[in-house]
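Before we start, here is the structure in question, set down as structure tokens.
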Amino acid sequence: MKPKTRDNLIYLVVALSVAGVLVGLIFYEDYHGRILVFPSRFAVRIVTSLLLAGYFVAREARRANSSLAVVAICVLLGSLLQIAINFSFRQIAGELPGLAYAGFASIEIFLIVELIARIRSRFRRAKTGDVAGRPS
């Protein structure tokens, strides 16, 4: 099986699982006569942006042939940055329309990925003995 086909199958299974859980939750709540309560707009936005930031940071770190520990550290640092940014602009993030928030979040995730990539490369050079700014 080709890697692209395998990845598409994984995405499909995850999407169907999430949809199945949501449909099951809706039927369960309706059967028991309760009202289904979804989390706030801010909570949904922070979780989705954390997942996206973690995915893109991990992909960028794996692209540079980093070890699993380095990838985990990069994802942790990227997640902490994402949480700090989201909570510092909590009032604004809750009031923005979805399309405007998606635009700001994509720029924010791009900047986080670039920052983490530069930090990771700086530490990699320091480990190998290269010093930034000095010719080899």
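Report, by residue number, each residue of the stretch 59-96 that is closer than 14 Å to Ser121 by Cα and in a loop (DSSP other than H, G, I, E, B). Steps first, answer last, please.
Filtering the stretch 59-96 down to residues closer than 14 Å to Ser121 by Cα leaves 60-67, 70-71, 73-74.
Once the filter is applied, which keeps residues that are closer than 14 Å to Ser121 by Cα and in a loop (DSSP other than H, G, I, E, B), the stretch 59-96 yields Ala64, Asn65, Ser66, Ser67.
Now, a different point. Among the residues of the stretch 25-42 satisfying the criterion of being β-branched (Val, Ile, Thr) and assigned to a loop (DSSP other than H, G, I, E, B), which is nearest to Leu96 (Cα to Cα)? Break it down into steps so the answer makes sense when it comes.
As a first pass, look at the stretch 25-42 and keep what is β-branched (Val, Ile, Thr): 26, 35, 37.
Adding the requirement that they be assigned to a loop (DSSP other than H, G, I, E, B) leaves 35, 37.
Working: Ile35: 26, Val37: 21 Å.
Step by step, filter the stretch 25-42, then rank; the result is Val37.
Could you run through the stretch 49-74 and say how many residues are surrounded by 13 or more Cβ atoms within 10 Å (Cβ to Cβ) and under 16 Å from Glu108 (Cβ atoms)? Let's see the steps before the verdict.
Here is the first cut: in the stretch 49-74, the residues surrounded by 13 or more Cβ atoms within 10 Å (Cβ to Cβ) are 49-50, 52-58, 60-62, 64, 66, 70-74.
Subsequent filtering for residues that are under 16 Å from Glu108 (Cβ atoms) retains 49-50, 52-57, 60.
So the count comes out to 9.
Sticking with this one: Hey, can you tell me all the residues within the stretch 89-125 that are among the polar types (S, T, N, Q) and modelled with pLDDT under 90?
Answer for the stretch 89-125, where residues must be among the polar types (S, T, N, Q) and modelled with pLDDT under 90: Gln91, Ser121.
The values are calculated or read from the model by the stated rules, or taken from the named source; none is laboratory data. These figures come from a predicted structure and were not determined experimentally. Heads up, the Cβs are rebuilt from the backbone with ideal geometry, glycines too, and the neighbour counts pull from every protein chain shown.
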